[in-house]
Amino acid sequence: MDERLVRAGKKAILRQGFSLIESLISLSLFLFVVVASLEFFISARDHFLRLKDEQEEDIAVFAGMDKMRIDILDCGRGFLIAQTLGIVAGIESAGDTLTTRAVAKKLHLLGDLVAGQTRITFQSISGIAKGQEICIYDDTRGETQGILSVDDRSLVLSSPLQFSYAQQETKVLSIEKVSFYLDQKSHILRRQVNSSPAQPLLEEVEDVYFSYVRASNLVDVTLKMREGKEYAITVFPKNLGLVPAQEAF
């Protein structure tokens, strides 16, 4: 065969390449693969973010409910006699509000107390603040008073004492009052200690319900989140469970 013909055939083959239709078909297939891959990626990403949000919500709710559980288990601590006398309530519930009380500190009187007295002097009042509550009682009677102001070693009560008390027979306990309530405007469940500013405990809460049944000594807490999920816990406050036994004794 003529060598010139062979070289001409090779050049023709090299110049041939892909036709326009073949190129369009290749680009269309490539575009289809890219679009399908993007749709799969977007769907997988959305699914991942949804699961991530749900998991983060679960973690936040469980952390908040654990905090409530701890406060509920602690309520009534140190108030066995005072609760038996009906002076102080270890726990109170009213729909979307729950209040717990426990002893914060024991205070030591420097003298007898007289009915109508508004200022009480103690050996030390460190850690006691304005707006806090104290419980005063002996073996037969007692009362709960708010603190209007705090001086060096004395407290000014929000109202006069109802009864007189002998120093040696009287106990004075400062109260740690913890309140949980739902801020309806911001949908935030808040926790407040004594009269300090309420701190956010859980966000995106649509509704909350607290219930305490004294007969069974069970506290039920139900949370409904804005996405529609519901969470619930039941707690047995052991300190309050001792009160009926003390009353029977």
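The values are calculated or read from the model by the stated rules, or taken from the named source; none is laboratory data. These numbers come from a predicted model, not from an experiment. Every residue, glycine as well, gets a Cβ built from its backbone with ideal geometry; the counts of neighbours run over all protein chains shown. Accessible surface is based on the protein model in full, side chains and every heavy atom, while ligands, DNA and RNA are left aside. Shrake-Rupley method; radii C 1.70, N 1.55, O 1.52, S 1.80 Å.
For residues that are buried (at least 16 other Cβ atoms within 10 Å of the Cβ) and over 22 Å from residue 102 (Cα atoms), tally how many sit in the stretch 142-159.
Of the residues in that region, 0 qualify.
Could you grab the pairs with beta carbons closer than 8 Å, sequence gap of 6+ or different chains, first residue in the stretch 114-132 and under 20 Å from residue 104 (Cβ atoms), second one open to solvent by 50 Å² or more (accessible area, probe 1.4 Å) and β-branched (Val, Ile, Thr)?
125/150; 128/150; 129/150; 130/150
Have a look at 96, 74, 139 and point out the one that is in contact (Cβ under 8 Å) with a residue 12 or more places away in the chain, loosely packed, with under 14 Cβ neighbours inside 10 Å and among the acidic types (Asp, Glu). Even if it seems obvious, please write down each step before you answer.
On the way: 96 fails: loosely packed, with under 14 Cβ neighbours inside 10 Å; 74 fails: loosely packed, with under 14 Cβ neighbours inside 10 Å.
Result of the check over 96, 74, 139: 139.
Looking only at the stretch 3-15, decide whether some residue is open to solvent by less than 40 Å² (accessible area, probe 1.4 Å), modelled with pLDDT under 80 and assigned to a strand (DSSP E or B). Let's see the steps before the verdict.
Step one: filter the stretch 3-15 for residues open to solvent by less than 40 Å² (accessible area, probe 1.4 Å), giving 9.
In the following step, the residues that additionally are modelled with pLDDT under 80 were identified as 9.
Restricting the remaining residues to those that are assigned to a strand (DSSP E or B) gives none.
Checking the stretch 3-15: not a single residue is open to solvent by less than 40 Å² (accessible area, probe 1.4 Å), modelled with pLDDT under 80 and assigned to a strand (DSSP E or B).
Name the single residue, out of those in the stretch 77-93 being part of a helix (DSSP H, G or I) and of a type in the set (S, T, N, Q), that is surrounded by the fewest Cβ atoms within 10 Å (Cβ to Cβ).
Per the criteria, the residue is 84.
Go through (1) closer than 30 Å to residue 224 by Cα; (2) open to solvent by 50 Å² or more (accessible area, probe 1.4 Å) for residue 162 and report which single condition fails.
It is condition (1) that residue 162 fails.
When only residues in the stretch 180-198 that are within 15 Å of the chain's Cα centre (by Cα) and touching a residue at least 60 places away in the same chain (Cβ under 8 Å) count, which is most open to solvent (accessible area, probe 1.4 Å)?
So the residue we want is 181.
Could you tell me whether residue 204 is open to solvent by 50 Å² or more (accessible area, probe 1.4 Å) and free of Cβ contacts under 8 Å to residues at least 40 places away in the same chain?
Details: open to solvent by 50 Å² or more (accessible area, probe 1.4 Å): yes; free of Cβ contacts under 8 Å to residues at least 40 places away in the same chain: no.
No: the conditions fail for residue 204.
Could you grab me the full set of residues in the stretch 214-228 that are under 19 Å from residue 190 (Cα atoms) and among the basic types (Lys, Arg)?
Across the stretch 214-228, the qualifying residues are 224, 226.
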